[in-house]
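What follows is a set of notes on a single structure, which appears directly below.
The values are calculated or read from the model by the stated rules, or taken from the named source; none is laboratory data. Not measured: the values here are computed from a predicted model. Heads up, the Cβs are rebuilt from the backbone with ideal geometry, glycines too, and the neighbour counts pull from every protein chain shown. These accessible areas exclude ligands, DNA and RNA; they are computed on the full protein's heavy atoms, side chains included. Shrake-Rupley method; radii C 1.70, N 1.55, O 1.52, S 1.80 Å.
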Amino acid sequence: MMTVRLIAHTPEPEKVVAAAAKLCYSDAHITDLLDGLDEEKTARFLTMLSDLGHASPIEHASFTFGIEGVSRTLLAQITRHRIASFSVQSQRYVRLDDFRYVIPPEIEAIPEAKAAFIESMNEDARRYLDLVQKLEEGHTARLMAEGLPEKQARAKASKQANEDARFVLPNACETKMVVTMNARSLQNFFHLRCCSRAQWEIRQLAEEMLRLVYPVAPHIFRTAGPACVSGPCPEGKMCCGRTTEVRAQYAALKGEKAE
């Protein structure tokens, strides 16, 4: 099951962004940037930035998430968001003796499909562990023949076995990661991945990430969500046609009333 936690963020992110914006539009000295930035003035600065489309100051606020219970399919998608930092559990260093995987909802909903999927996952797990064992034994024998003591040979062989056995693991295989994005990158991430056209798993992740950051920085993320939350749908013929419903959904997520 997917689990997402906001594990760290810039202290007082909205005030930091407001201070950066203040520098852009005034002759304030660096030492004075935070002076007078109460909640009302901070909100006013952030609203002004949003209305002007001046997005660079929000890059000064960053958010770090701990994510687990997601698939390698999701990993391939999220790393396309290049203005971000990723630390991902390695299949090279971590042996998957406890093989876990993600079942897509559409497969879960059809008993015959689910049974076939689970059978396939069990077979993948068996083949993976069998291949790990064969590779480890082979590498250990070779390394010992080259003069390495057995304990060191097995330790080195174990890593080499993991490295190649992982090639048989499926995209459904679970992984975990720590992801850091600045607020501007998050806005773009939400814009693309909260849309109904995004793949179901990364859309679920995006919605949960938005749910976590909104209370921390409500003015920064007041228009966050798919593009249709704050403007017309950009998808053309591919539009889902549910703009009113989607806006209501994201207003509810933020604890607001839909306009």
Answer residue from region 238-249, given it is in contact (Cβ under 8 Å) with a residue 40 or more places away in the chain and assigned to a helix (DSSP H, G or I) and is least open to solvent (accessible area, probe 1.4 Å) among those: Val246
Matching residues, region 209-222, being part of a helix (DSSP H, G or I) and open to solvent by 60 Å² or more (accessible area, probe 1.4 Å): Arg211
Condition met for Glu235 (charged (D, E, K, R), farther than 30 Å from Ala20 by Cβ and touching a residue at least 40 places away in the same chain (Cβ under 8 Å)): yes
Selection count where residues are of a type in the set (A, V, I, L, M) and either assigned to a loop (DSSP other than H, G, I, E, B) or modelled with pLDDT of 95 or more (or both), scope region 223-237: 1
Residue pairs meeting the criteria (Cβ under 6 Å; at least 6 apart or on separate chains; first farther than 20 Å from Gly69 by Cα and part of a strand (DSSP E or B), in region 167-190; second small (Gly, Ala, Ser) and at pLDDT 95 or above): Asn182/Ser62
Scope region 100-114; condition more than 24 Å from Val132 (Cα to Cα), open to solvent by less than 60 Å² (accessible area, probe 1.4 Å) and not β-branched (Val, Ile, Thr); matching residues: Pro104, Ala113
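Here is a yes/no grid of residues against (1) buried (at least 19 other Cβ atoms within 10 Å of the Cβ); (2) in contact with an Asp or Glu (Cβ under 9 Å, 6 or more places away or on another chain); (3) not aliphatic (A, V, I, L, M):
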{"position": "Ser120", "(1), (2), (3)": "no, no, yes"}
{"position": "Lys134", "(1), (2), (3)": "no, no, yes"}
{"position": "Met144", "(1), (2), (3)": "no, yes, no"}
{"position": "Lys151", "(1), (2), (3)": "no, no, yes"}
{"position": "Val179", "(1), (2), (3)": "yes, no, no"}
{"position": "Ala206", "(1), (2), (3)": "yes, no, no"}
Strands (runs of 3 or more DSSP E) contained entirely in region 1-99, each with at least 1 residues that are buried (at least 19 other Cβ atoms within 10 Å of the Cβ): 3-9, 62-71
